[in-house]
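Input: a single structure, listed below in structure tokens.
The values are calculated or read from the model by the stated rules, or taken from the named source; none is laboratory data. The shown structure was predicted, so the numbers you read here are calculated from the model rather than taken from an experiment. All Cβ positions, even for glycine, are placed from backbone atoms using ideal geometry, and neighbour counts span all protein chains on display. Heads up: the accessible areas ignore ligands, DNA and RNA and are worked out on the full protein's heavy atoms, side chains in. Shrake-Rupley method; radii C 1.70, N 1.55, O 1.52, S 1.80 Å.
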Amino acid sequence: MTLADNRADVVVVGGGLAGISAAIELAEAGLRVMLLEARPWLGGATWSFARRGVTIDNGQHAFIRGCEAYRDLLTKLGVLTSVAIQDRLDLTVLGADSEHGPPSQPALRRSSLPAPLHLASALAGYRQLTGAQRVKAAAAAVALQVTALRGQTARHQSFEDWLARHGQDDNARRMFWDLLSVAALGLESGEADLGLAAAAIRTALAGRQDADIGIPLVPLSRLHASPAVTLLSRLGARILLGVRAAGCQLSPTGGYEVAVAPAPPGGSAAPESTARPRVVHAAAVVLAVPAWEAAVLAPDELAADAAAWARLAPTPVVSLHVFYASKVTSLPFAAGVDSPVRWVIDKTLPAGLHSGQYLAASVPAADRFVDLPSSRLRTELLPELERLFPAATDTEVEDFFTTRERRAFIRQVPGVQRLRARQPGLPGLALAGAWTDTGWPDTMEGAVRSGLGAAWKVLREVAGSGVADSGVANSGVGNSGADVWAGGPVAANIGTGVCSTATSLAPVQ
């Protein structure tokens with residue numbers, strides 16, 4: 001890239017799922033798109049790396065069939081057959097033996113009955129609750145579907161407060177409702193925002209199949225990053241990796257000016273290069289970055305709004321990666337209750353491991369754990385996995401390590417909705433990211449929806465008024481086809497992985 005190539009119809013800042021979704025939508029509409037990503041890969045918080053001959057995902061990113069926008073993105077990327085979605089919800093719940101019967105592995109299994117009767121059958125066999133608790137939980141679930149949550153009180157209310165008013169005792173909350181709340185928001189019901197928890201659970205309960213769980217069959221880099229590069233390249237988009245936006249402002253000549261700089265690898269200073277534009281001129285900009293970064297990048301005209309975004313607090317997630325010498329479970333995944341370990345996925349085949357078993361476990365809301373050394377995490381949390389999977393006590397741990405996302409997503413506590421950004425009034429400037437006000441929690445589905453919404457705003461305001469009038473469309477950007485430029489070494493996340501089936505799951509056709 002030369003300084004003469006510093007124009008685009010739209011600059012998308014951020015190459016996570018929100019930025020990818022926005023860039024694809026805009027490029028498909030015929031706009032010349034420049035995508036800036038500070039990391040040396042696309043995919044944002046969903047990334048992979050190589051370790052000892054296998055491919056490791058940074059976290060455990062499952063989803064449900066009700067995530068329609070995310071599934072549509074996978075279809076566009078041509079990778080829908082690289083995920084497996086259950087034919088019917090079947091979730092084993094580990095971590096607490098029933099007080100009302102012999103030790104067991106309770107499960108939530110839906111029936112083929114129409115909604116909401118499918119939930120009643122799932123609860124009927126869930127032995128973590130008494131019969132009376134199951135009846136009350138089913139009634140509360142129906143109430144959650146039909147109750148309008150309005151007013152100032154609801155906006156500052158926790159999910160637990162609502163549950164208590166609808167007859168849910170402590171055991172029902174811990175064994176059932178916290179399971180749903182943690183899966184959707186990363187927080188237990190006592191901390192979770194009522195509106196966001198309700199929105200997520202309503203989606204899962206709305207249709208008979210909506211709660212069926214899906215997991216990747218390949219590393220996340222092969223599911224998101226590589227296919228996105230391929231598709232965007234085919235659409236003529238320009239992708240700059242290892243390049244960060246340093247600021248965004250209105251241009252005196254119309255449109256926007258985006259200051260760019262190399263993203264320093266590992267915190268070290270990157271050398272200056274005349275092959276990299278320092279200012280990109282664009283008719284429109286999509287800021288598809290986390291809230292705290294958007295608050296810094298936003299034009300001065302949005303200073304008051306940006307101050308609110310900056311108040312959104314992040315929450316960390318710690319992932320445990322454990323390689324056992326032999327198989328310790330036949331479950332493709334399981335949920336945990338009464339444990340800091342909330343979600344476990346068998347990643348043996350997707351990672352490319354040919355012997356033993358590789359379990360990846362997620363510890364959400366990990367404020368207590370995120371700064372502990374790996375040795376301490378092993379001491380504290382490996383026994384939790386042995387408690388969840390007793391066979392693990394009889395086999396050797398060949399490797400144990402952790403990955404940490406200190407700002408995995410926003411902390412979705414009561415009142416958070418008033419801080420989540422709506423689309424700004426500045427024409428041609430759009431916001432994307434699961435932290436924006438999508439009506440969804442901060443999830444992969446929310447990220448994709450936000451990217452689509454940002455793209456539609458740009459298309460209404462800029463493309464509809466004639467991008468060519470800005471002079472950008474005639475600048476020659478992208479006329480020679482796609483360009484992927486890496487500002488630093490591309491990590492092993494664009495590597496290989498193994499596609500396979502998983503127990504009780506089938507690739508989506």
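One table, with the values for the structure above:
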item: Top-ranked residue in segment 60-80 [being in a loop (DSSP other than H, G, I, E, B) and either crowded, with 22+ Cβ neighbours inside 10 Å or not small (Gly, Ala, Ser) (or both); ranked as nearest to the chain's Cα centre (by Cα)]; result: HIS61
item: Members of segment 277-301 that are within 14 Å of LEU419 (Cα to Cα) and surrounded by 21 or more Cβ atoms within 10 Å (Cβ to Cβ); result: PRO290, ALA291, ALA294, ALA295
item: Residues of segment 130-151 that turn out to be without any contact (Cβ under 8 Å) to a residue 60 or more places away in the chain and either within 11 Å of ARG202 (Cβ to Cβ) or surrounded by 13 or more Cβ atoms within 10 Å (Cβ to Cβ) (or both), as a count; result: 14
item: Lone qualifier among SER21, SER48 - being in contact (Cβ under 8 Å) with a residue 12 or more places away in the chain, of a type in the set (Gly, Ala, Ser), crowded, with 23+ Cβ neighbours inside 10 Å and more than 23 Å from ALA200 (Cβ to Cβ); result: SER48
item: Test: residue in segment 42-58 that is hydroxyl-bearing (Ser, Thr, Tyr) and either out of contact with any strand residue (DSSP E or B) (no Cβ under 8 Å at 6 or more places or on another chain) or in a helix (DSSP H, G or I) (or both); result: no
item: Segment 89-110, subset open to solvent by 40 Å² or more (accessible area, probe 1.4 Å) and within 18 Å of ALA138 (Cβ to Cβ), residue modelled with the highest pLDDT; result: ARG109
item: Residue ID - nearest to GLU68 (Cα to Cα), chosen from residues in segment 197-235 that are in contact with a Ser or Thr (Cβ under 9 Å, 6 or more places away or on another chain) and in a loop (DSSP other than H, G, I, E, B); result: ASP210
item: Condition broken by ALA8, with the remaining ones in (1) small (Gly, Ala, Ser); (2) on the phi < 0 side of the Ramachandran plot; (3) within 17 Å of the chain's Cα centre (by Cα) satisfied; result: (3)
item: Criterion (within 20 Å of ALA408 (Cα to Cα), touching a helix residue (DSSP H, G or I) at 6+ places or on another chain (Cβ under 7 Å) and open to solvent by less than 10 Å² (accessible area, probe 1.4 Å)) met by exactly one of VAL337, VAL322, VAL341; result: VAL341
item: Answer residue from segment 206-215, given it is touching a Gly at 6+ places or on another chain (Cβ under 9 Å) and not charged (D, E, K, R) and is nearest to THR92 (Cα to Cα) among those; result: ALA211
item: Odd one out for ALA183, checked against (1) open to solvent by less than 20 Å² (accessible area, probe 1.4 Å); (2) touching a strand residue (DSSP E or B) at 6+ places or on another chain (Cβ under 9 Å); (3) at pLDDT below 95; result: (1)
item: Residue check, GLU188 assigned to a helix (DSSP H, G or I) and closer than 18 Å to ALA365 by Cα; result: no
item: Every residue from segment 237-246 that is open to solvent by 20 Å² or more (accessible area, probe 1.4 Å) and either modelled with pLDDT of 95 or more or more than 13 Å from ALA38 (Cα to Cα) (or both); result: ARG238
item: Of all residues making up segment 354-371, the number that are farther than 26 Å from ARG420 by Cα and surrounded by fewer than 21 Cβ atoms within 10 Å (Cβ to Cβ); result: 5
item: Residues of segment 248-276 satisfying the condition of being modelled with pLDDT of 90 or more and either open to solvent by less than 20 Å² (accessible area, probe 1.4 Å) or of a type in the set (Asp, Glu) (or both); result: CYS248, SER251, TYR256, GLU257, VAL258, VAL260
item: Breaking point among (1) among the aliphatic types (A, V, I, L, M); (2) farther than 21 Å from PRO314 by Cβ; (3) part of a loop (DSSP other than H, G, I, E, B), for VAL370; result: (2)
item: Any hit, segment 201-217, residues being farther than 30 Å from PRO114 by Cβ and either at pLDDT below 90 or of a type in the set (D, E, K, R) (or both); result: no
item: HIS354 at pLDDT below 95 and closer than 17 Å to ASP399 by Cα; result: yes
item: Residues of segment 159-191 satisfying the condition of being over 18 Å from VAL341 (Cα atoms) and hydrophobic (A, V, I, L, M, F, W, C); result: PHE159, TRP162, LEU163, ALA164, ALA172
item: Residue identified as among the basic types (Lys, Arg), surrounded by fewer than 21 Cβ atoms within 10 Å (Cβ to Cβ) and under 20 Å from the mean Cα position of the chain (by Cα) among ARG202, ARG165; result: ARG202
item: Qualifying positions in segment 385-407 - open to solvent by 30 Å² or more (accessible area, probe 1.4 Å) and either farther than 18 Å from SER375 by Cβ or not in a strand (DSSP E or B) (or both); result: GLU386, ARG387, PRO390, ALA391, THR393, ASP394, GLU396, GLU405, ARG406, ARG407
